[in-house]
Amino acid sequence: MRQSEFLNVVMPFKDKLYRLAKRLLVSTEEAEDATQEILLKLWSKNEKIGSYNNVEAFAMTMTKNFCLDRLKSRQAGNLKLVHSNYGDTDTPLQKQVEAKDSALWVQKIMEELPEQQKMVLQLRDVEEYDYDEIAEMLDMKPSTVRVALSRARKTVREKLMQKHSYGIG
Amino acid sequence: MELDNIEKLLEKYFEASTTVAEEEALKVYFSQEKVAPHLEQYAPLFQYFSNAKEERFTRQVPLKPRKNYYKWISVAAVAVLAFGIYFGPDRYRDYQEQKEAEFAYQETRKALNLLAENFGRGTEKMAYLNQFEETKQKIYNNN
């Protein structure tokens, strides 16, 4: 496989890899490093890529494994917590600050979830994969994915309700 | 979309029994300005999901065309080694022979020098014989 073909295969989902890595590793730089690592790994196997039936799912699984390894390794002790910046919306400043604030809550709440629920929520609600795809990527049963997803969504709702009723916490 | 429908979808959403399309509908509903007050609390959640999808991986990854340098380096190494093994001993023998020849030459030179020196000494002594001959001639001539 030549470089241009490889890029055509990888380009559509490289952002998804990055977002999953960032969901797990939190820090932007760590996530960028991880994504780069995954892309280089894929590139080094570019002859075999044709034989994988779903390169995207395969890359997602690689990213998941890589990030979980990173978190387990001692180096994870050096991880920095960096919050991302959000795109501007056209809403007035007050609303904008509020929205940013609550978006930050959601992000913080998601950070507190167990890794598996984090990934399921990311893959479903952000990336909009269906259950079978998520099951394949995370090496789980579709029914387990559903349970984890429901649990994750309910936890997020509960914590969001708390914040909402207590005001800015 | 009717409020009733949204409430039902929300319920299904938290039971994780919505389809991707239904979740899309929820996202669309919560992305608009007018959200029913009792549902406003869910807005940040869906807005966040929509925003989170906007994040991009912008770093350039250096993809070098892979070349099998190592293969060719090993081929070259083997060639050099084979060359060395094939021609090495000959060269070494030549070198040894040359050294021996040099040594022999130096030794012969030394011996010949010694000889020459001694000859030189002999010739010096012969000079006296010349004197004797001269004197003898003088005596013959006088008589």
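The table that follows gives values for the structure above.
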| read-out | value |
| --- | --- |
| Residue selected from region A:3-45 under the condition more than 8 Å from chain B (Cβ to nearest Cβ) and polar (S, T, N, Q), by the criterion farthest from residue B:57 (Cα to Cα) | A:4 |
| Every pair of residues 6+ apart whose Cβ atoms lie under 6 Å, when the first sits in region A:25-48 and is within 21 Å of residue A:118 (Cα to Cα) while the second is open to solvent by 70 Å² or more (accessible area, probe 1.4 Å) | A:26/A:81; A:27/A:80; A:32/B:59 |
| Failed criterion for residue A:1 (all others in (1) modelled with pLDDT of 90 or more; (2) open to solvent by 50 Å² or more (accessible area, probe 1.4 Å); (3) touching a helix residue (DSSP H, G or I) at 6+ places or on another chain (Cβ under 8 Å); (4) not charged (D, E, K, R) hold) | (1) |
| Segments classed as helices (runs of 4 or more DSSP H), wholly inside region B:1-93, with at least 2 members that are at the interface with chain A (Cβ under 9 Å from one of its Cβ atoms) and aliphatic (A, V, I, L, M) | B:43-52 |
| Filtered residue count, region B:32-87, keeping only those that are free of Cβ contacts under 8 Å to residues at least 12 places away in the same chain and open to solvent by less than 40 Å² (accessible area, probe 1.4 Å) | 8 |
| Close pairs (6 angstrom Cβ cut-off, 6 or more residues apart or separate chains): over 15 Å from residue B:21 (Cα atoms) and more than 11 Å from chain B (Cβ to nearest Cβ) in region A:125-138, among the polar types (S, T, N, Q) and in a helix (DSSP H, G or I) anywhere | A:137/A:61 |
| Criterion violated by residue A:57 - all others in (1) within 11 Å of another protein chain (Cβ to nearest Cβ); (2) more than 22 Å from residue A:108 (Cα to Cα); (3) crowded, with 18+ Cβ neighbours inside 10 Å satisfied | (1) |
| Selection within region A:153-169 - facing chain B (nearest Cβ under 9 Å), open to solvent by 60 Å² or more (accessible area, probe 1.4 Å) and either at pLDDT 90 or above or within 18 Å of residue B:52 (Cα to Cα) (or both) | A:154, A:157 |
| Residue selected from region A:138-152 under the condition out of contact with any Ser or Thr (no Cβ under 9 Å at 6 or more places or on another chain) and among the aliphatic types (A, V, I, L, M), by the criterion most open to solvent (accessible area, probe 1.4 Å) | A:147 |
| Exclusive hit being open to solvent by less than 80 Å² (accessible area, probe 1.4 Å) and out of contact with any strand residue (DSSP E or B) (no Cβ under 7 Å at 6 or more places or on another chain), set B:29, B:92 | B:29 |
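The values are calculated or read from the model by the stated rules, or taken from the named source; none is laboratory data. Since the structure is predicted, the reported quantities are computational estimates derived from the model, not experimental observations. Note that each Cβ is placed from the backbone with ideal geometry, even for glycine, and that neighbours are counted across all protein chains shown. Protein only, heavy atoms only, side chains kept; ligands, DNA and RNA dropped before computing areas. Shrake-Rupley method; radii C 1.70, N 1.55, O 1.52, S 1.80 Å.
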